[in-house]
Every structure is written in C-alpha cells, then in structure tokens.
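First up is the structure itself, then whatever we jot down about it.
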Amino acid sequence: MRIALITDGIYPFVVGGMQKHSYYLCKYLSEYFKIDLYHFRRQNYDLQLKDVFPETFANIKEFEVEFKDQYAFPFHYLLASRNHSKKIFSLLATNDKVDLIICKGFTSWSFLFRKTKLAATPILLNFHGYEMYQHAFTFREKIIQKVFQYFTGKLSRRADYCFSYGGKITQLMKDKIGLSAMKILEFPSGIEVSQIRSVYEIHVNEKIRFCFMGRYERRKGIEELNTAIMHLPRNGRWSFDFIGEIPDHLRVDSPYVKYHGLLTKSSNINKVLDQCDILVCPSWSEGMPNVILEAMGRGLAITATDCGATALLVTNETGWIIENNSAASVKSVLEKIIEIQPNQIYQKKCSALQHISDNFIWEEISGKLYKKLLEIRQFRKEKNK
C-alpha cells in the first residue's frame, strides 16, 4: 500500500508542532507502507532524508516542492498554500498511483477543491489543533480568523476523514464545522519510548524549578506568565527557566529567571528539563502541545490552561489546570505550587511520566493508526466495486 503524505514542512527542515507531527507520521507509517513524502525546506538544506529516517528510508520517496510565502498582505499564507498545493497536485498526478492521501492543513487545497479527479482515493485531513476556531486577541485577528474558518470548514467537510487529537478539538469539529463522529479520526500525538526517562531518576528540587518551553507567539500566553512571575513572592523558594527564543523586550529582569535561548538538540533540551520540576503552559490556543508531551516524558508535572486537547494530558494526578488565561489565575496556581509539600509534587511528576508511558507513545499509536488506514482503504475498495 502506498500513501502520499503531503505536508507544509517536516521536522527538522521546518520547525513547529505540526511539522514534528509530520515527522512522526512519516517515520512510523513508513514501517508499514510505502510513503511518497511531499514537503519543502526552510533550514538544514544539506541534510539528507536518509539521515533523518535511516531505518525506513527505502520505503520513502521524497518530493521537494517549493513554498513561496512572500506576499505582504493579511491572507498571504492562504494564497501561498493554494499555489503550493497546486504544484503538489500536478506532481502527484504524474507519479505512481497512491492508495490513500494524508494532507496537512492547507496543503489539501487542490486535492479537496478538485476532489472529483481523485474520487477513488480516500483523502484524510489534519488541521492540527484547529487554532483558527480558538482565541483571537484583536478585531483584526478575528476578521482574519473568520476567513481562515471559512476555508478550513469547506476543506474539512470535503475530506473523507479528519484527524483530531481528541478533547475539546473533537467537540469543536462537531459544533463549529458540523462534522459527524464517523468522519473524525481521534488519534493523539505522542513521543517515542527512547524519550522516556526512568522513574528512578525523578526527584524534586529543594527550590521549585518551573520551566516554559517554546517560541514566542502571542497565543502562548507569555505576557500573562511574565506578569505572574513579576508578582510572585521573592522568598527564595522557586526559580524559572525559559527554553526557546524570547524577544528581549519580553524578558523578565530577575535573578529568579534564566533564559537558555533556542536549544535545537534534544540532549540539550533534556539537560534543562531534567533539572526542572514543573512545565508551565499558559496558552490561549493549542492542539496537543509537543512541549507538554516531551516534558511529561522527562518526568515533569504540568500546569496548563484547558485548551485544545491539553486536558487529556493534564489531570489532577499529573498537574494543575489554570482556570483561565489571566495573569492573576497563572499567579494563583504558581503560588499554590510553591507552597505544596515536595512529596505531593513528586507524586504528580511520577504520575505524569506514567500517564505518558501508558497512553502517548508513538510506537503504539502508529500500530493503531496502521489498522485504521487499512480499514479505510478496504472500505473504499469495496465501495468502488
């Protein structure tokens, strides 16, 4: 069976949560199927695909398709995605026939708006966290969201199936887009077994060590987090680490806070995470955050806002849910944690590690996805007879 995996970039050539998910899909589905990978590069131009997927490279056929996003107007990304999709559509038509197509986001444009030409091939769509249906900060952002919602809804309804990470995302897909439960494929994201830390290495610092990990985007809630940090008691019982590129004007000037900058190697990221106790994720919108998955895999407890599929990861056993996105709510939770007994934090850290190990491992997720894709293909074969 041959699958076309059509992406808007794949890690490590493009960095982001959706691109990391594409990486895992390609890596693990290529253990079962032949994969035609359509993607582009923003970095690591000299890196060979065989070095990224050394074990399954023989099953992957690579097609690099340029993505030109150089338009200086609000909806430039939609136009760039449309043109990118048209190129891929034309290229796929000249290549070997595929049995199934998985599209990431707006790469699906030509495939779903010209679906009659691919009527015999199931098309599966993944819009990550459907963030365009979540929070917007300004009137301008709300207008842009409405336009994105219009096209996202049309594409989602035209697809044969749409992926969801579960939780609030599935409900959003039903309520906002009108998708039926039969059309929604619930599959979580995850991490690999090799990323899991031993429970015997878990400890709690005498001084609670918080951590934020990620790049700056307004929706990540860094402004609210900064305000909360600046109003925490200076009692010497906590510290805060930031992993990722944070603009200078958004850095808190405090001896309690340390900025590590962008860390690209997993070993360097883990070195910091392994010294921390609690990951803080105060986002306004999310899918299923890789940063939470990776932190839990290193044995960190989590405090996060309830958006996207976050609540599937963060429970009373594994951490603390922030009631709303206000700085006051973030501060209240952090203050509560600072006063908690170390043995309670230790229990949550161990529970977080166990929860990830039991439910969010790619080696197991991919096996279930393999069976579902075979089932979809068989159903379409019988339907086309």
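Restricting attention to region 34-84, which residues are in contact with a helix residue (DSSP H, G or I) (Cβ under 7 Å, 6 or more places away or on another chain) and of a type in the set (Phe, Trp, Tyr)?
Quick first cut of region 34-84, residues in contact with a helix residue (DSSP H, G or I) (Cβ under 7 Å, 6 or more places away or on another chain) only: 34-35, 37-38, 49-50, 53, 56-57, 60, 62-63, 65, 67-69, 71, 74-75, 78, 81-82, 84.
Answer for region 34-84, where residues must be in contact with a helix residue (DSSP H, G or I) (Cβ under 7 Å, 6 or more places away or on another chain) and of a type in the set (Phe, Trp, Tyr): TYR38, PHE53, PHE57, PHE63, PHE67, TYR71, PHE75.
For region 273-292, which residues satisfy the criterion of being farther than 18 Å from TYR346 by Cα and either assigned by TED's automatic domain parsing to the domain that holds LYS104 or in a helix (DSSP H, G or I) (or both)?
ASN290, VAL291
Name the residue that is nearest to the chain's Cα centre (by Cα), counting only residues in region 247-292 that are over 24 Å from TYR11 (Cα atoms) and among the charged types (D, E, K, R).
ASP277
With the checklist (1) of a type in the set (A, V, I, L, M, F, W, C); (2) assigned by TED's automatic domain parsing to the domain that holds LYS168; (3) more than 19 Å from the chain's Cα centre (by Cα) in hand, flag the one item ILE365 doesn't pass.
Result: ILE365 fails condition (3) only.
Out of PHE89, PHE127, report the one residue that is touching a Gly at 6+ places or on another chain (Cβ under 6 Å) and either under 19 Å from ARG377 (Cα atoms) or among the hydrophobic types (A, V, I, L, M, F, W, C) (or both). First the steps, then the outcome.
On the way: PHE89 fails: touching a Gly at 6+ places or on another chain (Cβ under 6 Å).
The conditions single out PHE127.
Of the residues ILE321, ILE356, ILE338, only one is surrounded by fewer than 21 Cβ atoms within 10 Å (Cβ to Cβ) and in a helix (DSSP H, G or I); which?
Unique residue meeting the criteria: ILE338.
Is at least one residue of region 235-250 modelled with pLDDT of 95 or more, in a loop (DSSP other than H, G, I, E, B) and among the acidic types (Asp, Glu)?
Within region 235-250, none of the residues are modelled with pLDDT of 95 or more, in a loop (DSSP other than H, G, I, E, B) and among the acidic types (Asp, Glu).
Answer yes if at least one residue in region 56-75 is touching a residue at least 60 places away in the same chain (Cβ under 8 Å), surrounded by fewer than 19 Cβ atoms within 10 Å (Cβ to Cβ) and assigned by TED's automatic domain parsing to the domain that holds LEU124, and no otherwise.
yes
Conditions (1) among the hydroxyl-bearing types (Ser, Thr, Tyr); (2) touching a strand residue (DSSP E or B) at 6+ places or on another chain (Cβ under 6 Å), marked per residue:
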site	(1), (2)
LEU47	no, no
ASP51	no, no
PHE63	no, yes
LYS68	no, no
SER85	yes, no
SER90	yes, no
ASP96	no, no
ASP99	no, yes
ALA120	no, no
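Show me the helices (runs of 4 or more DSSP H) found entirely inside region 43-133 where at least 2 residues are more than 23 Å from the chain's Cα centre (by Cα) and polar (S, T, N, Q).
Where helices (runs of 4 or more DSSP H) fall fully within region 43-133 and carry at least 2 residues being more than 23 Å from the chain's Cα centre (by Cα) and polar (S, T, N, Q), they are 76-94.
Quickly run through region 89-130 and pick out the residues that are among the charged types (D, E, K, R), modelled with pLDDT of 90 or more and more than 13 Å from ALA4 (Cβ to Cβ).
Going through region 89-130, the residues among the charged types (D, E, K, R) turn out to be 96-97, 99, 104, 114-115, 117.
Remaining after also requiring modelled with pLDDT of 90 or more: 99, 104.
Within region 89-130, none qualify.
Given the structure, is VAL333 in contact with a Phe, Trp or Tyr (Cβ under 9 Å, 6 or more places away or on another chain), in a loop (DSSP other than H, G, I, E, B), of a type in the set (A, V, I, L, M) and within 21 Å of ALA228 (Cα to Cα)?
Judged against the criteria, VAL333 is not a match.
Condition check ((1) under 26 Å from ILE35 (Cα atoms); (2) surrounded by 21 or more Cβ atoms within 10 Å (Cβ to Cβ); (3) in contact with a helix residue (DSSP H, G or I) (Cβ under 9 Å, 6 or more places away or on another chain); (4) in contact (Cβ under 8 Å) with a residue 12 or more places away in the chain) across all residues:
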| residue | (1), (2), (3), (4) |
| --- | --- |
| PHE113 | yes, no, yes, yes |
| ALA120 | yes, no, yes, yes |
| GLU131 | no, yes, yes, yes |
| TYR165 | yes, yes, yes, yes |
| GLN171 | no, no, no, no |
| MET182 | yes, no, no, no |
| GLU186 | yes, no, yes, yes |
| GLY190 | yes, yes, yes, yes |
| SER194 | yes, no, no, no |
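Among the residues that make up region 244-253, is at least one of them in the same structural domain as ASN325 (by TED's automatic domain parsing) and either buried (at least 18 other Cβ atoms within 10 Å of the Cβ) or touching a residue at least 60 places away in the same chain (Cβ under 8 Å) (or both)?
yes
So which of ASP51, ASP36 is at pLDDT 90 or above and within 26 Å of MET213 (Cβ to Cβ)?
Numbers: ASP36 fails: within 26 Å of MET213 (Cβ to Cβ).
Every option except ASP51 fails the conditions.
What number goes with the only condition from (1) at pLDDT 95 or above; (2) outside the structural domain of ILE337 (by TED's automatic domain parsing) that ILE202 does not pass?
It is condition (2) that ILE202 fails.
Starting from residues that are crowded, with 24+ Cβ neighbours inside 10 Å and in a loop (DSSP other than H, G, I, E, B), keep the ones in region 295-308 and report whichever is nearest to the chain's Cα centre (by Cα).
GLY308
Can you pull out every residue in region 131-159 that is among the small types (Gly, Ala, Ser) and modelled with pLDDT under 90?
Filtering region 131-159 down to residues among the small types (Gly, Ala, Ser) leaves 136, 153, 156, 159.
Across region 131-159, the qualifying residue is only ALA136.
The values are calculated or read from the model by the stated rules, or taken from the named source; none is laboratory data. Just so it is clear, the structure is predicted and the values come from calculations on it, not from any experiment. We place every Cβ from the backbone using ideal geometry, glycine too, and count neighbours over all the protein chains shown.
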